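Have a look at this one before I ask anything.
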Amino acid sequence: MSAILELLKPLEYAVAWIMVAFHSALSAVGLPEASGWTWALSIVGLVIVIRIILIPLFVKQIKASRGLQLLQPEMKKIQAKYKGKTDTESRQKMTQETMALYKETGTNPFASCLPILAQSPVFFALFRVLNGIADHKAIGALTPSLVAQADQATLFGAPLSDTFLGADTLSTQILTVVLIILMSVTTFTTQRQLMMKNMPAAAMDNPFAQQQKILLYVLPLVFAVSGVNFPIGVLIYWLTTNLWSMGQQFYVIRRMPAPGSPAEQALEARRAKRGKKLAGTRDEAPATPSGREPGAPEPGSPEAAAGGQRVQPKRQSRSKRSGPRPSSPGASTPGASAPGERTSRSRPDRAGEGTGS
């Protein structure tokens, strides 16, 4: 046990340093240094820093959970293949095929637990720091004066280092119960959101889904039973972490749902609705850069000079197209006309032809 505590020592110093940094920043903007709200918000700042650091692990967790859901049909085939076989060789082959499937698809079933596992040492380090405050023990950046100040700080009349079981005041017990209830509700909501919105119907009938259903009701009970032993500061850390997880998961489910899940159907419905709105916008005639309507003549063009009507091209005379026709006996000289006769210009439809046959 002492070896584990020694390993947690660097984390305790890091937790203390982050809390003191946020406490100094909040005091600089006007919050009272000895206020319980200032120290509580310092713990919230600690959560924000830790969760930002854990974002890559959270992404791996999402990918691992999604991969496990998509692998459920193949997993069912393997389970059906060895159904009813209880001998050691069959069980070993079933395990080998399952691990080969994980390796082939690049899925790590343990990646879904990475954020929880990574937060556990930080959680216990904070627990040690708050217990050190209650015992007036300086840790790293938490100097003796800051420890005394944090020990005297209260939130709704309850010291941050007090626990439900060791409380001497009713305010501490009430605040502890409220925090435990909020922790349980946020945990239940987060798990239920994952199961109801981001799991395909085909993935609901498998051992993985059954485990999720069990955790849906077991975890809130675990928090309710164990929460009475934790200081108020740790409960604030835990509640803030749950709120962060719930919001982060809501964003991921809404933007990147699992294939075949109700969340994906809702996303497709939103995209279709958005597409219809865009299609209705496209039906309207777009305006041209010059401000005129499509098909309207440009200013200064012959069409505009003719009052907006397009001028039809005139038919060119045959003589201009193919040149003068060779003269023949009795034919009139090209370009000449007898007095009183019409010229070729007055007959544009039969220009270049003779005066008669």
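Kindly list, by first and then second residue, each pair from a residue in the range 119-136 that is under 15 Å from G45 (Cα atoms) to a residue that is in a helix (DSSP H, G or I) and of a type in the set (S, T, Y), limited to pairs with Cβ atoms under 6 Å and residues at least 6 apart or on different chains.
Close Cβ pairs satisfying both conditions: L126/Y237.
Pairs only if they're at least six apart or on different chains, beta carbon under 6 angstrom, first in the range 246-268 and more than 15 Å from I55 (Cα to Cα), second in a helix (DSSP H, G or I) and of a type in the set (D, E); list them, first residue then second.
P257/E264
Scan the range 56-70 residue by residue and report those that are of a type in the set (V, I, T) and surrounded by 18 or more Cβ atoms within 10 Å (Cβ to Cβ).
I62
Provide a single number: the residues in the range 59-100 that are within 26 Å of F250 (Cα to Cα) and without any contact (Cβ under 8 Å) to a residue 12 or more places away in the chain.
Going through the range 59-100 one residue at a time, the tally reaches 1.
Which of the helices (runs of 4 or more DSSP H) found entirely inside the range 205-319 contain at least 1 residues meeting this: modelled with pLDDT of 70 or more?
Qualifying helices (runs of 4 or more DSSP H): 207-226, 232-255, 262-282.
Okay, residues lined up against (1) of a type in the set (S, T, N, Q); (2) more than 38 Å from the chain's Cα centre (by Cα); (3) closer than 30 Å to V20 by Cβ; (4) surrounded by fewer than 18 Cβ atoms within 10 Å (Cβ to Cβ):
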position	(1), (2), (3), (4)
A100	no, no, no, yes
A118	no, no, yes, yes
I139	no, yes, yes, no
F156	no, no, yes, yes
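For every residue, the table says whether it meets (1) crowded, with 16+ Cβ neighbours inside 10 Å; (2) in contact with a helix residue (DSSP H, G or I) (Cβ under 6 Å, 6 or more places away or on another chain).
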| residue | (1), (2) |
| --- | --- |
| E33 | no, yes |
| A40 | yes, yes |
| I43 | yes, yes |
| I50 | yes, yes |
| L54 | yes, yes |
| K77 | no, no |
| T86 | no, no |
| S90 | no, no |
| E104 | no, no |
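While we're on this one: Residues of the range 152-181 being among the hydrophobic types (A, V, I, L, M, F, W, C) and either touching a residue at least 60 places away in the same chain (Cβ under 8 Å) or in a loop (DSSP other than H, G, I, E, B) (or both), which ones?
Of everything in the range 152-181, those that are among the hydrophobic types (A, V, I, L, M, F, W, C) and either touching a residue at least 60 places away in the same chain (Cβ under 8 Å) or in a loop (DSSP other than H, G, I, E, B) (or both) turn out to be A153, L155, F156, A158, L160, F164, L165, A167, L179.
Report yes if S161 is in contact with a strand residue (DSSP E or B) (Cβ under 6 Å, 6 or more places away or on another chain) and modelled with pLDDT of 80 or more, otherwise no. If you could, list the steps in order and put the result at the bottom.
Values: in contact with a strand residue (DSSP E or B) (Cβ under 6 Å, 6 or more places away or on another chain): no; modelled with pLDDT of 80 or more: yes.
It is false that S161 is in contact with a strand residue (DSSP E or B) (Cβ under 6 Å, 6 or more places away or on another chain) and modelled with pLDDT of 80 or more.
Can I18 be described as in contact with a Leu (Cβ under 6 Å, 6 or more places away or on another chain), closer than 19 Å to T241 by Cα and not polar (S, T, N, Q)?
So I18 fits the description; yes.
The values are calculated or read from the model by the stated rules, or taken from the named source; none is laboratory data. Just so it is clear, the structure is predicted and the values come from calculations on it, not from any experiment. Neighbour counts run over all protein chains shown; Cβ positions are idealised from the backbone, glycine included.
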